[in-house]
Amino acid sequence: MVITTTIPDHRAGELLHYTFASRYAGAPVPKFKMPEKSIPKEAAYQIINDELMLDGTPRLNLASFVTTWMEPECEKLMMASINKNYVDMDEYPVTTELQNRCVNMIAHLFNAPVGETETAVGVGTVGSSEAIMLAGLAFKRKWQAKRKSEGKPYDKPNIVTGANVQVCWEKFARYFEVELKEVKLSEGYYVMDPVKAVEMVDENTICVAAILGSTLTGEFENVKLLHELLTKKNEETGWDTPIHVDAASGGFIAPFLYPDLEWDFRLPLVKSINVSGHKYGLVYPGVGWVVWRTKEDLPDDLIFHINYLGSDQPTFTLNFSKGSSQIIAQYYQLIRLGFEGYKNIMENCMSNARVLKEGIEKMGRFDIVSKDVGVPLVAFSLKDSSKHTVFEISDSLRRFGWIVPAYTMAPDAQHIAVLRIVVREDFSRSLAERLIADIDKVVKELDTLPSRESTKAAHITATVEEKQHTEEEVLARWKRVLAAKRAGAC
Amino acid sequence: MVLSKAASESDVSVHSTFASRYVRTSLPRFKMSENSIPKEAAYQIINDELMLDGNPRLNLASFVTTWMEPECDKLIMASVNKNYVDMDEYPVTTELQNRCVNMIAHLFNAPLGESEAAVGVGTVGSSEAIMLAGLAFKRKWQNRRKAEGKPWDKPNIVTGANVQVCWEKFARYFEVELKEVKLREDYFVMDPAKAVEMVDENTICVAAILGSTLNGEFEDVKLLNDLLVEKNKETGWDTPIHVDAASGGFIAPFLNPELEWDFRLPLVKSINVSGHKYGLVYAGIGWVIWRSKEDLPEELIFHINYLGADQPTFTLNFSKGSSQVIAQYYQLIRLGFEGYRNIMENCRENMLVLKDGLEKTGRFNIVSKDDGVPLVAFSLKDNRRHDEFEVSDMLRRFGWIVPAYTMPPDAQHVTVLRVVIREDFSRTLAERLVCDIKKVLHELDTLPAKITAKLAINGEEADKNVTLVTKKSDLETQREITTVWRKFVMEKKKMNGVC
């Protein structure tokens, strides 16, 4: 009797195959056009997962302020709400309610003058960029309305900021046709000078924007001084120029570490504040908040009342449909941690930043550019950049897995280049100590290497020197090879 | 010997969440509380409140995707902590976005060379996409007017009154006038002839919609293009077209490939599509594609020194999650052309089943067309006693969320119910929905008409007949009481068998 064997269907059989044995691991990945055919989901998952292995590790990305770790309980909540379209307020009333609670809590954190059960005026956004655009739009519209009623020209609005602003202010200016008047920095002073800022204010200024937690050095700008000077100027001119505080990073730090620092709605000229939920709000990327002092500071004609899917919905955002996960995560953090939880985390961050700073100072090769008060980060420059630059250190650190960015300051301090390490919640002390050790290794290694051509071009160059350097380099390398051989390393 | 016991009173994590004090105290709503609470309690409390939200998959109001394969969920969760904008740190994620842009550009027949990179960007949704496209048109138009020495302070955009609210937002926030072509009964999309009539020298573009929100119809972009080409020849204004393909962009290429609506038409300069609608990705992703580099003014693009590397960017949002971009790429390579086509065909089939079921009841007019976005928009043949809003409310009791809304001007007297067929709305659900709608109609038939509904229809007469109405209300109240009592008695009779 012949035992027949059925040959399995070629395509069905492939699904039984081990992914890496299938043809999918051998075929090129579609890059320009959609492929004609479908592929099994396991293969799709594996292909993408594998390519993504070559991305940097988010938790070792010391360049970013944005949160890279949350508790598993919170991740569960996020995954469960990933298919909820946040804007369907009628369908998901609880999610909408959670957003409102977050707005209220954050408004109170910033000492907004709201009554006991009065609701705060604010909204959740995708990030501080959207928040700043909304706040800027509100200022622009208010100023235009005022100018129109005074019968004065309203076609040349401007905004006064420091040159250290994050790019989203420049975007706002360019896209919404507002002139950006930047107070230039100077060596040793890397934030906006309140005196110079107030000088620049004119009748077309829609607001002065101060930063609590400058991107470049983590410093808190002196909002109180700015406020005092601007109040005086307003008395003289009658222009009533308001202040906006970009507290993207600092908004979730100052209330816990420096509660006596007056920077928020305690200062009467501060009309709106934005903060990134996804920075020290301790939520994954994708959520920001903007809060206005009172209803009067948000012109009603900017608010849309729409007939969305059958019910009335007041909305003031740029984005419409978006996921609900981050809003729910923000609420989770606010009730899970409470005031004491946030305070403990910020204190830990500061203490780890201090450890890092001290370790870097001990090497004797760096100047610390960041201050002790501000966002927990360490910005440092090389005392001597003639042989090697911070950019080379940054590149070398990548080999160890660390992503530490190097960049030049904004005008007029472009000749200063710094490395910056941001200390987030998940950067523990052990990681700090390891980083110090690795920076030390990198610095010592660079000492043995000749300087790069580009660095030399900045200093005096001579072809003779180049030849000499090449010879020295060859010798140095050979010496090292011999040394390694003797040591027994393989 | 005394065996001492370590008191674990304060060790709340040992306690069952529902036995702890955290479920007894009121949740903070206005201010942050002083103290932390255990993570299990925080999770449980929030999870429980969220149970009272609608069920996303039964939300038939929305076009936005509510289900994805578990493999994709895994990828999404793994990349939730990647800040998309850190292009230098996450080069592969950035590369995946670029691949998606290229694939979608090719899907829309953008005139690209073999390995030429397309011009486009991923956004948080079609709102952002439309604002970027609109900004590009505005800037191009301004530059041209400045070069011609003509005034450039009154830009306008021509659209139909059926546009989604984001166009109105764009107009209001970016100070562009919105010139809307009014609808009329039986014609619920933008009339190309009227639109072209409205175009003047200040028009920055004409926006056509592929997949109108209200009834799913595809506007006739080809006709618009032909008429506008004619007008441009006469006027020399060179007015371009933008296609808002938020819903239709991932349907037309698969179900109606011969339909010319995309870059095959020369005046179409940019197209936006929602990845989170029929792109089959969770909420939070859209795409905008430009025809060529020339259609995106260089001055809008930012080259920034971000964390040490040069980064060209043209978006409104900056930091955001990477999950949806990766999910979009997953769908594009997982499904491929045939996969998307199969899914769209299934949606269309189920839409026809639903439509047939509703027509068979004999109580509804079908307002949506067969071609277009797979949805069924329907209104009551007779809405004098009960209107569509009441049907919508009653369906909620069964768990279904079916919205009812009035059409925009000049067709405000028409009210429709709309059911959107998404990928995860299977045939069994369609049949169940028809069944439940029949139940609702049956129940409404036994109830008296609402007073408010009558007042709305009798608009101006309401004032005159106020006394008449109050008299009626006595009668109505009596009738209502009798009906309710009758129902109560009948229920009791039914209940003898239950329990």
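The values are calculated or read from the model by the stated rules, or taken from the named source; none is laboratory data. Small disclaimer: the values here were computed from a predicted structure and weren't measured. Glycine gets a Cβ as well: all are built from the backbone with ideal geometry, and neighbour counts include every protein chain shown.
Miscellaneous remarks
- Residue in region A:126-133 that is out of contact with any Gly (no Cβ under 8 Å at 6 or more places or on another chain) and of a type outside the set (K, R) present: yes
- Condition check for A:R23: within 8 Å of another protein chain (Cβ to nearest Cβ) and either farther than 23 Å from B:K82 by Cβ or out of contact with any Pro (no Cβ under 8 Å at 6 or more places or on another chain) (or both): no
- Residues of region B:85-111 that are at the interface with another protein chain (Cβ under 7 Å from one of its Cβ atoms) and touching a residue at least 40 places away in the same chain (Cβ under 8 Å): B:D86, B:E89, B:Y90, B:T93, B:R99, B:M103, B:L107.
- Any hit, region B:237-254, residues being over 29 Å from A:E36 (Cβ atoms), of a type in the set (D, E), in the same structural domain as B:I343 (by TED's automatic domain parsing) and out of contact with any Pro (no Cβ under 8 Å at 6 or more places or on another chain): yes
- Tally of residues being out of contact with any Pro (no Cβ under 9 Å at 6 or more places or on another chain) and among the aromatic types (F, W, Y) across region A:255-306: 6
This table checks each residue for (1) surrounded by 17 or more Cβ atoms within 10 Å (Cβ to Cβ); (2) over 15 Å from A:M363 (Cα atoms); (3) of a type in the set (S, T, Y); (4) at pLDDT 95 or above.
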| residue | (1), (2), (3), (4) |
| --- | --- |
| A:H415 | no, yes, no, no |
| A:D426 | no, yes, no, no |
| A:A437 | no, no, no, yes |
| A:K444 | no, no, no, no |
| A:T448 | no, yes, yes, no |
| A:S451 | yes, yes, yes, no |
| A:A457 | no, yes, no, no |
| A:I460 | no, yes, no, no |
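- Candidates B:L60, B:L75, filtered to the one that is facing chain A (nearest Cβ under 7 Å) and either modelled with pLDDT of 90 or more or at positive phi (or both): B:L75
- Within region A:135-166, tally of residues that are farther than 21 Å from A:L302 by Cβ and surrounded by 18 or more Cβ atoms within 10 Å (Cβ to Cβ): 7
- Matching residues, region B:12-57, being within 37 Å of the chain's Cα centre (by Cα), of a type in the set (F, W, Y) and modelled with pLDDT under 90: B:F30
- Counting residues in region A:255-263 that are closer than 23 Å to A:F139 by Cα and either at the interface with another protein chain (Cβ under 7 Å from one of its Cβ atoms) or in contact with a helix residue (DSSP H, G or I) (Cβ under 7 Å, 6 or more places away or on another chain) (or both) gives one or more.
- Hey, B:A171 small (G, A, S), under 24 Å from A:I303 (Cβ atoms) and in a loop (DSSP other than H, G, I, E, B) or not: no
- Within region A:148-181, considering residues that are among the charged types (D, E, K, R), within 12 Å of chain B (Cβ to nearest Cβ) and assigned to a helix (DSSP H, G or I), the one farthest from A:T408 (Cα to Cα): A:R174
- Residue list for region A:105-114, filter: of a type in the set (A, V, I, L, M) and either surrounded by fewer than 22 Cβ atoms within 10 Å (Cβ to Cβ) or at the interface with another protein chain (Cβ under 7 Å from one of its Cβ atoms) (or both): A:M105, A:L109, A:V114
- Among residues of region A:101-112 that are in the same structural domain as A:F256 (by TED's automatic domain parsing), those with a beta-carbon under 7 Å from a residue that is assigned to a helix (DSSP H, G or I) and of a type in the set (V, I, T) at least six positions away or on a different chain give the pairs A:C102/A:I327.
- Every test in (1) in contact with a Pro (Cβ under 9 Å, 6 or more places away or on another chain); (2) within 23 Å of A:G251 (Cβ to Cβ) is passed by A:D193 save one, and that test is (1).
- Selection of first residues in region B:53-80 that are without any contact (Cβ under 8 Å) to a residue 60 or more places away in the chain and of second residues that are crowded, with 19+ Cβ neighbours inside 10 Å and of a type in the set (D, E, K, R), restricted to Cβ pairs under 6 Å at least 6 apart or on distinct chains, gives the following pairs, ordered by first then second residue: B:P56/A:K84.
- On the stretch given as region A:87-104, residues that are at the interface with another protein chain (Cβ under 7 Å from one of its Cβ atoms) and either modelled with pLDDT of 95 or more or assigned to a loop (DSSP other than H, G, I, E, B) (or both) total 3.
- Residue in region B:102-112 that is crowded, with 24+ Cβ neighbours inside 10 Å, under 26 Å from B:F318 (Cα atoms) and modelled with pLDDT of 95 or more present: yes
- Considering region B:308-417, the qualifying strands (runs of 3 or more DSSP E), each wholly inside and each with 3 or more residues that are surrounded by 19 or more Cβ atoms within 10 Å (Cβ to Cβ), run over B:375-380.
- The set of residues in region A:428-451 that are touching a helix residue (DSSP H, G or I) at 6+ places or on another chain (Cβ under 6 Å) and either under 17 Å from A:G218 (Cβ atoms) or of a type in the set (G, A, S) (or both) contains only A:A432.
- Checked against the criterion of being closer than 28 Å to B:V165 by Cα, in contact (Cβ under 8 Å) with a residue 12 or more places away in the chain and more than 8 Å from chain B (Cβ to nearest Cβ), the candidates A:I243, A:I327 yield just one match: A:I327.
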